[in-house]
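Data block below; observations after.
The values are calculated or read from the model by the stated rules, or taken from the named source; none is laboratory data. It should be emphasised that the depicted structure is a prediction, and the values quoted were computed from it without experimental measurement. Backbone-built Cβ (ideal geometry, glycine too); neighbour counts: all protein chains shown.
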2 protein chains.
Amino acid sequence: MAEPVPTGPCVLLSGGIGGAKLALGLDRLLPRGALTVIANTGDDFRHLGLDISPDLDTLMYTLAGLVNPHTGWGLREESWQFMAALGELGGETWFQLGDRDLATHVERTRRLAAGESLAAITQAFCARLGVTSRLLPMSDARVATRVATDAGLLDFQDYFVRQRAEPVVRGLHYDGAASAPVLPEALAALADPGLTAILIAPSNPWLSIAPLLAMPALRAALAAARAPVVAISPIVGGAAIKGPTAKIMRELGLEVHNAVLARHDQGLIDGLILDRVDAPDVAAIEALGVRAATTATVMRTLEDRIALAAFALRFATTLH
Amino acid sequence: MAEPVPTGPCVLLSGGIGGAKLALGLDRLLPRGALTVIANTGDDFRHLGLDISPDLDTLMYTLAGLVNPHTGWGLREESWQFMAALGELGGETWFQLGDRDLATHVERTRRLAAGESLAAITQAFCARLGVTSRLLPMSDARVATRVATDAGLLDFQDYFVRQRAEPVVRGLHYDGAASAPVLPEALAALADPGLTAILIAPSNPWLSIAPLLAMPALRAALAAARAPVVAISPIVGGAAIKGPTAKIMRELGLEVHNAVLARHDQGLIDGLILDRVDAPDVAAIEALGVRAATTATVMRTLEDRIALAAFALRFATTLH
């Protein structure tokens, strides 16, 4: 495709690590301020008395160019003196908090307690760190993903980090999602008549994207938007690029297949981008009324991120 | 004096840096567990959402052999990544919190919020850090030193750290001291019939010791104790060894003189230890009914700390 990349405004719904890669590609590709990222906050939790927003922070650090390139989360050149000392005092060390990262949590906790909104605090942090794309939490209200497993109903981070996503998933709950208000800025961005696309990042569909889509106002805004809604699949060749997506799908009794994702989001998405290795799936997906396109979706380098961002935007314009 | 050093139990009332030096001397001199330190908590404050107990921590780190020898507070080999990142986010950086030190505050804050007492948390931390002397906060209840100055009524750390003790002091308040319960363990230690001495550390009399003595139950316990009460003066040659003691005395209209300290504590202390340079003050102090003795009171080395501890205990036995 040699057409120019559309440079109008774009909205990305995103979780953490995988979504942040695409967010970075869009951020570097588009003019300053054209990108709005609406971030999952279903992973947010209170730990050690601190308010922690893992996906927001991963997106913020990634867009600021500060993320640890080896892990995809946390800060590059981080130190771990706090965690070491906490362990010596007998504190809980299963959730890793680096010394510099800790400043984000301490300052966010302080400002939340002082009555500032999560959105306002995120905006202030982004301004300090030089992030020019707009990063919005999906809500200022609390939404908590909880995982029903064979080991009981677990808080998200207990399941995901402490128990390394090992328990067998029976179902997922997004507590508070039904009533959590979507930010007015997010609704305005989605309703923008000049919007090029609403993209859904290749984040974990059940853990990272589902909490967003569990908010009725956000679902309604996607349905009402004039811009096409395009998801990028995190399933490549019958496996997840990263993380427990495939494991969870199997545990939920679903086939690990892009057509399953397309059916899951049928009526909500206009298009689905697959990796080239999944070109054989295109017909099955298009039979569901979802347009499909293939490209290289595994993002290893910054160029990969920018190329996938450009592909997604070009593809979206064909769906207008 | 060549008499053996009494090795029975001893109680020290102490503030932070200066007091911690004597605490260390006593800790190293006495059998394990013989020393009980009752620490000023009037400096305690909530900062960045964290519950910070500066004097308790200085004592704990000192007794654990972990204190920064250059500053007398904080941890040795500390790193400052958290503070740097907090500054980048626009947070408040006037109160220095090292990366390892931060674990103490985060874990204490979490445990206080979970309903544990400050005394129990301090005991648990000391056990983890290998402190065998008993370190007690003066109360589990909140006592807050506030400083009336020409710049208004200031919270202690605002006056002491943020404004570097520069405002002119008009008066001091120990909010909550009149009603704060003294710990039963502290009262039991003070009433121990086998106690060698109750020592008052050469900490700032107005900022560090006065909050302790502002608690009626502690004052009463000193008056009722069979053990002699011996203070070590922080005034050497008409100046303070360290900190704003002399400045505050002048601002309060007091002469910077050991006799002024003796008169201030008349009826409460049985003895006052002065530096050798202040030998001419002995007569004036003894005229007030306070026994006085002189030795080297400036503690530069561990040997200085142990020597002063031994001197104080021997002097106390002469007052029984």
Residue count, region B:93-151 (criterion: more than 14 Å from every other protein chain (Cβ to nearest Cβ) and under 25 Å from residue B:218 (Cβ atoms)): 20
Of all residues making up region A:183-210, the number that are buried (at least 23 other Cβ atoms within 10 Å of the Cβ) and not in a loop (DSSP other than H, G, I, E, B): 11
Scan of region A:66-84 for residues that are under 19 Å from residue A:126 (Cα atoms) and of a type in the set (A, V, I, L, M, F, W, C), ordered by number: A:66, A:67, A:73, A:75
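Does region B:200-210 contain at least one residue that is over 17 Å from the mean Cα position of the chain (by Cα) and not basic (Lys, Arg)? Quick ask: steps written out before the conclusion?
Of region B:200-210, the ones over 17 Å from the mean Cα position of the chain (by Cα) are none.
Checked region B:200-210: no residue is over 17 Å from the mean Cα position of the chain (by Cα) and not basic (Lys, Arg).
Given the criterion over 24 Å from residue B:207 (Cα atoms), crowded, with 19+ Cβ neighbours inside 10 Å and touching an Asp or Glu at 6+ places or on another chain (Cβ under 7 Å), identify the matching residue among B:100, B:128. Lay out the reasoning, then the answer.
Numbers: B:128 fails: crowded, with 19+ Cβ neighbours inside 10 Å.
Just one listed residue meets the conditions, B:100.
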Any hit, region A:123-140, residues being of a type outside the set (A, V, I, L, M) and in contact with a Phe, Trp or Tyr (Cβ under 7 Å, 6 or more places away or on another chain): no
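Return the only residue of B:189, B:231 being touching a Gly at 6+ places or on another chain (Cβ under 9 Å) and over 19 Å from residue B:72 (Cβ atoms).
Values: B:189 fails: touching a Gly at 6+ places or on another chain (Cβ under 9 Å).
Answer to the check: B:231.
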Sole exception among (1) in contact with a strand residue (DSSP E or B) (Cβ under 8 Å, 6 or more places away or on another chain); (2) farther than 26 Å from residue A:9 by Cα; (3) of a type outside the set (S, T, N, Q) for residue A:202, by number: (2)
Hits in region A:243-258 (condition: of a type in the set (D, E, K, R) and more than 18 Å from residue A:147 (Cβ to Cβ)): A:255
Given (1) of a type in the set (Ser, Thr, Tyr); (2) more than 9 Å from every other protein chain (Cβ to nearest Cβ); (3) farther than 30 Å from residue B:254 by Cα, number of the condition residue B:159 does not satisfy: (3)
Residues of region A:18-46 that turn out to be buried (at least 24 other Cβ atoms within 10 Å of the Cβ) and at pLDDT below 95, as a count: 1
Any hit, region A:151-162, residues being buried (at least 20 other Cβ atoms within 10 Å of the Cβ) and either among the β-branched types (Val, Ile, Thr) or at pLDDT 95 or above (or both): no
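Is there a residue being among the acidic types (Asp, Glu), closer than 13 Å to residue A:17 by Cβ, crowded, with 19+ Cβ neighbours inside 10 Å and out of contact with any Cys (no Cβ under 7 Å at 6 or more places or on another chain) anywhere in region A:52-65? Give the derivation first.
Here is the first cut: in region A:52-65, the residues among the acidic types (Asp, Glu) are A:55, A:57.
From what is left, the residues that are closer than 13 Å to residue A:17 by Cβ are A:55, A:57.
Add one more test, that the residue is crowded, with 19+ Cβ neighbours inside 10 Å, and what stays is A:55, A:57.
Filter again for out of contact with any Cys (no Cβ under 7 Å at 6 or more places or on another chain), leaving A:55, A:57.
Yes, there is a match, as at least one residue in region A:52-65 is among the acidic types (Asp, Glu), closer than 13 Å to residue A:17 by Cβ, crowded, with 19+ Cβ neighbours inside 10 Å and out of contact with any Cys (no Cβ under 7 Å at 6 or more places or on another chain).
Quick check on my filter: what residues within region A:75-110 are farther than 18 Å from residue B:85 by Cα and small (Gly, Ala, Ser)?
Matches in region A:75-110: A:84, A:85, A:87, A:90, A:91.
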Selection from region A:83-92 of residues that are at the interface with another protein chain (Cβ under 7 Å from one of its Cβ atoms) and assigned to a loop (DSSP other than H, G, I, E, B): A:89, A:90, A:91
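If I filter region B:103-123 down to residues being part of a helix (DSSP H, G or I) and without any contact (Cβ under 8 Å) to a residue 40 or more places away in the chain, which single residue comes out as surrounded by the fewest Cβ atoms within 10 Å (Cβ to Cβ)? Walk me through how you get there before you give the answer.
Start the filter on region B:103-123 by keeping residues that are part of a helix (DSSP H, G or I), which leaves B:103-113, B:118-123.
Among the residues that remain, those that are also without any contact (Cβ under 8 Å) to a residue 40 or more places away in the chain are: B:103, B:107, B:110-111, B:113, B:120-121, B:123.
On the way: B:103: 26, B:107: 23, B:110: 21, B:111: 21, B:113: 10, B:120: 13, B:121: 24, B:123: 18.
Residue satisfying both the conditions and the ranking: B:113.
Out of region A:4-25, which residues are out of contact with any Lys or Arg (no Cβ under 8 Å at 6 or more places or on another chain) and either within 26 Å of residue A:207 (Cβ to Cβ) or free of Cβ contacts under 8 Å to residues at least 24 places away in the same chain (or both)? Give the derivation first.
Initial filter on region A:4-25 (out of contact with any Lys or Arg (no Cβ under 8 Å at 6 or more places or on another chain)): A:4, A:7-16, A:19-20, A:23.
Within region A:4-25, A:4, A:10, A:11, A:12, A:13, A:14, A:15, A:16, A:19, A:20, A:23 meet the criteria.
Does region A:56-71 include one or more residues that are farther than 20 Å from residue A:144 by Cα and of a type in the set (Asp, Glu)?
Residues of region A:56-71 farther than 20 Å from residue A:144 by Cα: A:60-71.
Still in the list and also of a type in the set (Asp, Glu): none.
Looking for residues that are farther than 20 Å from residue A:144 by Cα and of a type in the set (Asp, Glu), one finds none in region A:56-71, hence no.
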